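The values are calculated or read from the model by the stated rules, or taken from the named source; none is laboratory data. As the structure is a prediction and not an experimental result, all values here were calculated from the model. Neighbour counts run over all protein chains shown; Cβ positions are idealised from the backbone, glycine included. Just so you know, the surface numbers come from the protein's heavy atoms only, side chains and all, with ligands and any DNA or RNA stripped out. Shrake-Rupley method; radii C 1.70, N 1.55, O 1.52, S 1.80 Å.
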2 protein chains.
Amino acid sequence: MDIVIDIEDEEPLFSQLVTQVKAAVQGGKVRAGDALPSIRQLANDLELNSKTVAKAYRLLERDSVIQTRGYRGTFVHPDAKANSQVNLQGWLTKTLAETVATLRESGLTDSEIRIAFNQAMNARSHGAAKS
Amino acid sequence: MDIVIDIEDEEPLFSQLVTQVKAAVQGGKVRAGDALPSIRQLANDLELNSKTVAKAYRLLERDSVIQTRGYRGTFVHPDAKANSQVNLQGWLTKTLAETVATLRESGLTDSEIRIAFNQAMNARSHGAAKS
DNA sequence: ATATGTACCATGCGTAGTGATGGTACAACG
DNA sequence: CGTTGTACCATCACTACGCATGGTACATAT
């Protein structure tokens, strides 16, 4: 895995990392079960903050591209190749684009939509804390 | 129509105006066809900026609570009473709450959702500009 | 002339979110 | 002990947006 981070790039650093790991998986450069460098190790190599790398790893694990085995390190997920192609982001974009379009068509102002969106985001009400 | 604006109130000034006009309509204090004070007039009376009043009027007209007859002034819409009860805002809130809930359930981060939302808002692509 | 709604230009202030940085600490493995 | 992932604390710069303000100008009606 040759990961190259470009600070000049407008794409956020953690995002570049995510993208490149997924690319490495899809390109067959790393395979299921392969060990990945530790967070601190990679942070050191790339001259990044460990929190930045951790953020990338967190996202990669959420997408089931990698697997963190606690104290044993991080490995490529068994279904990494398939999962790295899942376009969660694409679905996100599409969903929101449609919703926004619908709202706009009703005559609602962008301001109003933004405010309501922020309210929806700040309103705790998902499956988090419950008895 | 006795409109009272409270600068201390956390509710935005233009919003207070909108609310109170709708209340006046629903309370029967003003009726269809009644003339409303001009933007500048009202701005002067309430010691508000004319742009602030104009903003309120713009929203009220969008909701078909009032009607601007160009140079002749502003009047209460024929269906003002009914239209002032339409809860566009409520629908907005509900729609976005549902959408956000769905997205969150998929594991998406609030950050990701916010970013995608902003992209959706900044992406011009509805039925607006066309040749 | 005066007043109407509206459009454009602009500013300031406050808030909030993102990205990235840093330090410290923990439990559990080798 | 050293390392693992992770969680908590914190800071800073940058950007974007909302609200409200101000000025100027326009075509059109009375």
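The table that follows gives values for the structure above.
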| quantity | calculated |
| --- | --- |
| Residues being without any contact (Cβ under 8 Å) to a residue 12 or more places away in the chain and within 14 Å of chain B (Cβ to nearest Cβ) - total across region A:71-93 | 6 |
| Of all residues in region B:59-78 being under 18 Å from the mean Cα position of the chain (by Cα) and within 13 Å of DNA strand D (Cβ to nearest atom), the one that is surrounded by the most Cβ atoms within 10 Å (Cβ to Cβ) | B:Leu59 |
| Boolean, A:Lys29 is away from chain B (no Cβ under 14 Å), more than 13 Å from DNA strand C (Cβ to nearest atom), in a loop (DSSP other than H, G, I, E, B) and open to solvent by 90 Å² or more (accessible area, probe 1.4 Å) | yes |
| Test: A:Asp45 is within 16 Å of DNA strand C (Cβ to nearest atom) and under 30 Å from B:Arg124 (Cα atoms) | no |
| Meets criteria (within 11 Å of DNA strand D (Cβ to nearest atom) and modelled with pLDDT of 95 or more) for A:Pro37 | yes |
| Top-ranked residue in region B:1-26 [being within 13 Å of DNA strand C (Cβ to nearest atom) and in a loop (DSSP other than H, G, I, E, B); ranked as nearest to the chain's Cα centre (by Cα)] | B:Pro12 |
| In region A:48-70, residue farthest from the other protein chains (Cβ to nearest Cβ) [restricted to those that are assigned to a loop (DSSP other than H, G, I, E, B) and within 14 Å of DNA strand C (Cβ to nearest atom)] | A:Arg69 |
| Sole exception among (1) within 23 Å of B:Asn87 (Cα to Cα); (2) outside any helix (DSSP H, G or I) for A:Ala120, by number | (2) |
| Cβ-Cβ under 8 Å pairs, at least 6 apart or on other chains, region B:1-20 side touching a residue at least 24 places away in the same chain (Cβ under 8 Å), far side of a type in the set (Ser, Thr, Tyr) and surrounded by 10 or more Cβ atoms within 10 Å (Cβ to Cβ) | B:Leu13/B:Thr52; B:Phe14/B:Thr52; B:Leu17/B:Thr52 |
| Index of the failed condition, A:Arg114 passing every other in (1) at the interface with another protein chain (Cβ under 9 Å from one of its Cβ atoms); (2) crowded, with 19+ Cβ neighbours inside 10 Å; (3) within 15 Å of DNA strand C (Cβ to nearest atom) | (2) |
| Residue match in region A:6-14 (condition: over 27 Å from B:Asn118 (Cα atoms) and open to solvent by 60 Å² or more (accessible area, probe 1.4 Å)) | no |
| Failed item in (1) assigned to a loop (DSSP other than H, G, I, E, B); (2) over 23 Å from A:Gln89 (Cβ atoms), with A:Gln41 passing the rest | (1) |
